[in-house]
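Let me begin by presenting the structure, written as structure tokens, before commenting on it.
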Amino acid sequence: MDYEIRPVTVEEYPKFARTVGAVFGETVSDEEIGEWLKATDLTRTVAVFDQDDIVGTTDSIAFQFTVPGLQTLPAAGVTAVTVLPTHRRQGLLTTMMRYQLEDVRKRGEPLAILLASESIIYGRFGYGLATTQGTYQIDPRFAALSTHPEQHGRLRMIDKASAAQILPDVYDRYRLLQPGAVSRTGSWWERHLSDPPRHHHGAGERYYVTYRNTSGEVTGYASYRIKENWEHGFPQNRLILTQLIATDPESRTALWRFCLGVDLVVMVEAENFPVEEPLRWMLKDPRRLRLVDSGDFLWVRLVDIAAGLAGRRYATEGQVVFEVEDAFCRENSGRYVLEGGPDGATCGRTNAAADITLRAADLGATYLGGVGFTTLARAGRVTEQTPGALRGADAMFACEPQAWCCTGF
Ligand SMILES: CC(C)(COP(=O)(O)OP(=O)(O)OC[C@H]1O[C@@H](n2cnc3c(N)ncnc32)[C@H](O)[C@@H]1OP(=O)(O)O)[C@@H](O)C(=O)NCCC(=O)NCCS
């Protein structure tokens, strides 16, 4: 059967949104569709039409993406990927991925990134598992801090209206310091702060607390919910920390101290935090911080390999020739010479002999330094052609601080 594939018009958008809602099992109200529409660049939507029905969808967000070396690159944030159950496993997703990657290439965005509902889906399209996130729990009675950077600033709980004024600017300063972070638009903040009850998962509304340093600048914030519970007259509340954004150690310490000190709370749970969360090393009793869950977060695909590799900075000076096999975007396959260091990098096609051979998804996985080439070689995914090349590439691609993204999309 012939299907049409193209972006949707504004009139078709509600149908597009309802297909997304139906596949994820979410009832989407007209009001929400209106909010989604405000946040959508319709030219970036991709829909598969079976006659008048929209049976497949995807969309992408034009992000500014912080890459190692604290450079920012345009990246397409792939989202709203669905195929109706009536049309699954007929190759519709494959067709949409091809269409979308071509569109991203034409827009001159060297990278595509996404969050995967299932980790089996995107490797075949050249996306690699690039960052890992953790969920932590700690009983605040055992959470005394051993580090005490001077904190003479002020903590304040703020309402939603103030949060809308203050937080976007703090986040914007923070994201330029954090590899793996993405830009957030005004409509992202609007949707985030609207905080509809169906996002509460049995807890209360989100609270916001800011830290303002002695110069009067807000240098960090935390947002959290309380899941209230009383048993036999004793408080058993859980504090669900949804975000802790700190632009320096002083605000990080102040905000953690705040979150670990809220009364009536017997458990603090931090969702989607970096695996190398500094809190562990701030605690007197570090084992008390339990990593209760961890999993993949960002998946990265190099759409333009040379521009992507030249666009980041490298921890050490070095040169490496990669032979990349890109089975999904065959025109990308070939040899690339990367020369890079802390101050800049160049990358282009070459005929020189390869030092390392790998597939596109593996280059995506290593791009943010989230996994080493040596680890992928031990996993049988990457091959070293020149002795020492894997270690050299690991040293170059290392990233500090660890790449991490705290924005869902
Ligand atoms: C994921 C989804 C979009 C796949 O769509 P689709 O049109 O069925 O995918 P395709 O037919 O193009 O599949 C291409 C290949 O991927 C495999 N594949 C796709 N989705 C898969 C899944 N969820 N689990 C296992 N394999 C999957 C197919 O079996 C096929 O493999 P093959 O090439 O070896 O035959 C669809 O199942 C869906 O809407 N799922 C629910 C929503 C969701 O999870 N979306 C992703 C959000 S990040």
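Surrounded by 15 or more Cβ atoms within 10 Å (Cβ to Cβ), modelled with pLDDT under 95 and either among the hydrophobic types (A, V, I, L, M, F, W, C) or over 30 Å from residue 306 (Cα atoms) (or both): does that describe residue 47? No. Scanning segment 275-303 for residues that are under 21 Å from residue 66 (Cα atoms) and surrounded by 22 or more Cβ atoms within 10 Å (Cβ to Cβ) gives 297, 298, 299, 300, 301, 302, 303. When residues in segment 148-173 are screened for being more than 17 Å from residue 191 (Cα to Cα), surrounded by 14 or more Cβ atoms within 10 Å (Cβ to Cβ) and touching a helix residue (DSSP H, G or I) at 6+ places or on another chain (Cβ under 8 Å), 4 of them pass.
If we keep just the residues of segment 3-15 that are farther than 10 Å from residue 49 by Cβ and not polar (S, T, N, Q), which is surrounded by the fewest Cβ atoms within 10 Å (Cβ to Cβ)?
Restricting attention to segment 3-15, the residues satisfying the condition of being farther than 10 Å from residue 49 by Cβ are 7, 9-11, 13-14.
Cutting the leftovers down to not polar (S, T, N, Q) gives us 7, 10-11, 13-14.
Values: 7: 17, 10: 9, 11: 7, 13: 20, 14: 17.
Top of the filtered list is 11.
Counting only strands (runs of 3 or more DSSP E) that sit completely within segment 44-91, zero hold 3 or more residues that are outside the structural domain of residue 24 (by TED's automatic domain parsing) and of a type in the set (Lys, Arg). Mind checking which residues of segment 147-172 are in contact (Cβ under 8 Å) with a residue 40 or more places away in the chain and within 17 Å of the chain's Cα centre (by Cα)? Result: 171, single match.
The values are calculated or read from the model by the stated rules, or taken from the named source; none is laboratory data. Computed from a prediction, not measured in an experiment: that's the story for all the values here. Note that we place each Cβ from the backbone using ideal geometry, even for glycine, and neighbour counts take in every protein chain shown.
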